[in-house]
1. Taking neighbour counts of Cβ atoms within 10 Å as a proxy for exposure, in what order, fewest first, do Trp454, Trp385, Trp411, Trp496 appear?
2. Calculate the spin-label point distance for Glu475 paired with Glu436, positioning each point 7 Å from the Cα along the beta-carbon direction, and give it in nanometres.
3. Work out from phi, with θ = phi - 60° and the Karplus expression 6.51 cos²θ - 1.76 cosθ + 1.60, the ³J(HN,Hα) of each residue of region 69-78, listed in order in whole Hz, and give x for Gly and Pro.
4. Going by amide H atoms built from the backbone, whose H comes under 5 Å of the H on Leu406, apart from near neighbours?
5. If r is the Cβ-Cβ distance from Ala483 to Thr527 and R0 is 22 Å, what FRET efficiency results, to the nearest 0.05?
6. Hey, fewest Cβ within 10 Å first, where do Leu314, Leu35 land in order?
7. Using a 7 Å offset from the Cα along the Cα-to-Cβ direction at both Glu18 and Leu149, what is the distance between the two label points in nm, to one decimal?
8. Got a sec? How would Ile140, Ile429 order by Cβ neighbour count within 10 Å, fewest to most?
Amino acid sequence: MNTMDPRSDGPLLAAFLERRDEDAFEAVVRRHEALVLSVCGRVLRDEHAARDAAQAVFLVLARKAGSLDLRRPLAPWLHHVAYGTAVSARRERDARRERERNAMTSTTSRPEPEIDPGTLRELIDRELDGLPEKYRRPLILFHFEGKSLAETAAALGSPEGTVGAWLSRGRELLRSKLVRRGAGTLTGAALLAFLSREASASSVGWGFARAAARAAAGGAVPASVVHLAKGALTMLLIAKLKAAALALAAAGVFFAANAAFLAAVPSTPSKAASASGGGPLPLASIAVPALPELPLTFEPFEPEPSVFPASTDLVGHWKFDDEKGSTTAADATGRAPGKLIGGATFAPGKFGGALLVNGKDAYVEIPNTDELDKVQEGSYTLAAWFKPDGVPPGKDADNTANYGILNKTGWHTGFQYSNDKKFTMTHWIATDKPLEPTWVGAGAWDQDYEPGEWYHLAGVVDRAAGTVTLYLNGESKGSGEFAANAATRNYEKSTWKIGLASPGAESYAWPAKGLIDDVRIYGRALTAAEVKGISDGK
């Protein structure tokens with residue numbers, strides 16, 4: 001939790017409301033971005049969609065801060081708005097995908113839905129959002145904001161013993177609700193471990209606080225974020241209208257009961273009755289909450305394209321922020337966790353953790369999935385950060401003079417770093433001779449790229465255009481061409497590997513030595529702006 005500014009949320013938001021103090025709002029965003037991003041990420045399971053949703057949440061905060069009770073903790077309110085915004089975004093995305101599928105196929109049969117490994121993460125937020133406030137608020141502050149018990153108690157203005165009891169009871173209520181929702185035999189200890197992992201995974205935000213603060217102060221906002229923010233404000237308005245309607249209904253019941261009661265009382269007037277005209281209590285004397293004003297408008301924004309890929313076309317994303325000693329590399333999409341093999345381990349990297357490979361037998365093997373098996377058959381994009389340790393010691397004549405950074409084995413498709421300090425992106429086209437495919441590639445041959453530095457690589461294969469383009473640190477370094485829509489070499493069940501190309505081979509093994517971070521595979525050709533966004537966006 002970033003608390004460099006010693007002021008609490010209330011004074012910071014007051015400064016923003018009074019003076020449009022961007023620094024004050026940025027401090028609020030930095031303090032809570034991990035919570036909001038983790039909620040949106042668990043629901044949407046896509047980093048870039050989660051960024052848009054999270055920015056919308058803070059935009060809503062900027063618009064609604066004046067109506068909030070700034071004496072109360074802000075995190076529970078943010079969690080509620082983040083969950084609702086992310087759920088709405090996911091429903092729209094799923095509906096859009098369904099329309100696209102219906103447009104692309106004439107068959108009425110539908111495949112059975114796959115079991116989503118990220119379901120528990122979404123259930124956590126859904127059920128947490130439905131808990132009573134006295135349990136929901138401490139759970140969010142303690143488990144998702146990373147506050148200590150003392151800090152949580154201070155934020156809630158309650159004794160530590162009381163807050164500890166609320167936490168214990170809240171976890172048990174949450175566990176029982178999750179079990180009823182299909183979480184299996186989830187024990188209290190397993191839930192506690194899961195909450196601890198989630199808090200650890202989201203302990204550092206994704207670095208967009210400055211942009212969120214500028215947007216809140218009236219800066220440019222992508223159209224997708226404006227759409228989500230408007231939807232969130234509508235959600236809050238509907239909730240208020242429902243609450244007001246319930247209050248009016250309760251008042252009506254009270255009024256009717258009062259009238260019936262007085263009608264049954266003997267007609268002899270009392271002084272009190274005389275003072276009121278002898279009839280039922282007037283409706284004006286009953287406290288009824290005022291309805292909020294219906295019009296909710298945004299100031300005009302100058303839309304600008306997002307620097308991040310706007311769609312959810314990630315086929316795999318390995319951040320390598322796993323615990324040291326773990327034997328698996330988590331996939332942020334939840335589809336294909338990798339297996340660490342040989343001497344592969346985790347070490348500090350470009351962003352958080354990274355994969356450390358030794359130039360011998362260390363690599364990560366990505367398992368087979370339908371999407372990963374077939375991704376190279378259409379347009380696709382590979383991306384990774386790499387910090388080479390020295391240069392490959394082999395010889396070109398022996399086909400041992402490369403580091404394999406990210407490759408699909410067998411006529412290796414992917415990234416390489418050569419002993420002449422150059423980077424290449426390789427793609428293979430099928431021919432009528434299966435053992436003689438055609439090489440198409442692009443390289444960064446303009447200069448020597450010295451070891452010991454971090455480099456961002458992106459290889460974009462646009463099958464419709466017939467091009468292979470290599471980007472280095474967000475800049476295009478060259479392209480190769482092939483016949484548009486030419487078929488790719490058949491790789492059958494060959495797997496993708498990170499840090500090595502062909503295990504155990506004397507030639508073309510290409511074991512890399514150095515650090516590899518933030519590896520991504522997209523199921524489409526990213527634009528130059530999107531590649532630049534990935535390179536610059538962290």
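Coordinate-derived values only; no laboratory data. Note that this is a predicted model, so its numbers are computed, not measured. With ideal geometry, Cβ positions are generated from the backbone for all residues, glycine too; neighbour counts draw on all protein chains shown.
1. Trp454, Trp411, Trp385, Trp496
2. 4.0 nm
3. 7, 6, 7, 9, x, 7, 4, x, 5, 4
4. For Leu406, the qualifying residues are Phe415, Gly499.
5. Working from the Cβ atoms, E equals 0.50.
6. Leu314, Leu35
7. The modelled label-to-label distance comes out at 3.7 nm.
8. With the fewest neighbours first, Ile140, Ile429 line up as Ile429, Ile140.
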